[in-house]
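The values are calculated or read from the model by the stated rules, or taken from the named source; none is laboratory data. Remember, it's a predicted structure, so these values are computed and weren't measured experimentally. Don't worry about glycine lacking a Cβ; one is built from the backbone with ideal geometry, like all the others, and counts go over all protein chains shown. Just so you know, the surface numbers come from the protein's heavy atoms only, side chains and all, with ligands and any DNA or RNA stripped out. Shrake-Rupley method; radii C 1.70, N 1.55, O 1.52, S 1.80 Å.
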Amino acid sequence: MSRYLSVLRARPYAFVLVLVVALVIANAVIRPTFLAPGQWPALLGTLAPFAILGIASTPPVLGGGGVDLSIGPLATVVNCVFVSVLIPHGLGGAFVAIPLLLLLGLTVGVINGVLVAVVRLDPVIATLGSLFVLIGVALKIAATPGDPGQNWTTGLAGLMGGWFPGALLTMAAPAAVWLVLRRTAFVRNLYAVGGDATASYSAGVNVTAVRIGAYALAGLFASVGGIALTALIQSSDSSLGTTYALIALAAVSLGGTSLAGGTGGVLGSFLGACGIFLLQELLSATGASSNYVQLAYGVLLVLGVVLGATLARGKREVAA
């Protein structure tokens, strides 16, 4: 057992990687057409909101256990603003809408960061408050689903140019930003603050700025998730906020990122989102009730938290 724990401590995403492979095989057995190339654009389009929101939830957690419960509702607000506000007012073009939607997500992220890092509210309380505010905003903007008509997001959940899966573009955007940031001091400081904020502060790291930056990055990525969600459902839907909030948190914990901070990464969160998506597809293929999907989300969240706690305890024992 200690051998397996040492592997997991070195590669926290190892467990979910094995789970993803097993679920791919199970889906292929249950539904032989699952891996057919013609299915890939639609599958990737459905996966994209899961994956992007899982990635979006990761930076605040890495920076010191700052769970952000508002990621899912923020994505739905972005969806509703685009469909029910920007498009009807002639602002739905990509070159206008994308900067506005990204700015919206960035602003909400900064507000969350200030509430946590400056006002010193508990991250769960602060982002739970944001969750309720964002759900209310989404309901105000789009009380009933709206039809955006033909728009530039359509290909992002299917084929672009007749051959390129558009979902790869939306998923690649936050991944590319993260890869660039890994070459800067920000990500190193983020891990350091998550591991030991006091020691980081003593070493000259601006802990407040790093944590605000983590929430800002989460908001920015959540906006991309909202665009991917719009591409998938091609309507405004204010009812998905809490569902995606749970999915995002489950993806992070299942991917091996410790909720105490300082351990894990976006690769694990991406794989965690893949695992949740594949499990949902498997349940759907077997004709299971939608109630079991919610049960599965809860089970995976608990499993991820237990796994993270086990790895954290193992690290403390090694350090001792």
State the answer as a single residue: which of 59, 292, 162 lies farthest towards the positive end of the charge dipole of the chain, with beta carbon charges of +1 for Lys and Arg and -1 for Asp and Glu, about the Cα centre.
59
Rounded, prolate or oblate: pick one for the stretch 100-208, where a ≥ b ≥ c are the square roots of the eigenvalues of its C-alpha gyration tensor, a/c under 1.5 means rounded, and failing that, prolate if a/b is larger than b/c, else oblate.
oblate
Go through 150, 275, 108 and say which Cα lies farthest out towards the positive end of the charge dipole of the chain; charges sit on Cβ, +1 for Lys and Arg, -1 for Asp and Glu.
275
Ranked packing of 45-55, 163-173, most packed first, by mean Cβ within 10 Å:
45-55, 163-173
Stokes-Einstein D for the chain (37 °C, 0.692 mPa s, Kirkwood Rh from Cα pairs), in µm²/s, comes to 166
Run the dipole for the stretch 176-320 about the Cα centre, Lys and Arg Cβ at +1, Asp and Glu Cβ at -1, nothing else charged, and hand back the magnitude in debye, nearest 20.
460
From the backbone phi of the stretch 248-259, what are the Karplus-calculated ³J(HN,Hα) couplings (6.51 cos²θ - 1.76 cosθ + 1.60, θ = phi - 60°) in whole Hz, Gly and Pro given as x?
4, 5, 5, 5, 5, 5, 5, x, x, 7, 5, 5
Once you have the Kirkwood Rh of the stretch 147-204 from its Cα pairs, apply Stokes-Einstein at 20 °C and 1.002 mPa s and quote D in µm²/s.
149
Computed over the chain, protein heavy atoms only, probe 1.4 angstrom, the accessible area per residue in square angstrom equals 44
Arrange the peptides 74-83, 123-132 so that the one whose residues have, on average, the most other Cβ atoms within 10 Å appears first.
74-83, 123-132
Which of rounded, prolate or oblate describes the stretch 8-119 when judged by the alpha-carbon gyration tensor and an a/c cut-off of 1.5?
oblate
Among 116, 293, 305, which one shows the highest mean-square fluctuation when the chain is modelled as a Gaussian network with alpha-carbon springs under 10 Å?
293
Checking rank on 174-186, 148-160, with mean other Cβ inside 10 Å and highest first, the result is 148-160, 174-186
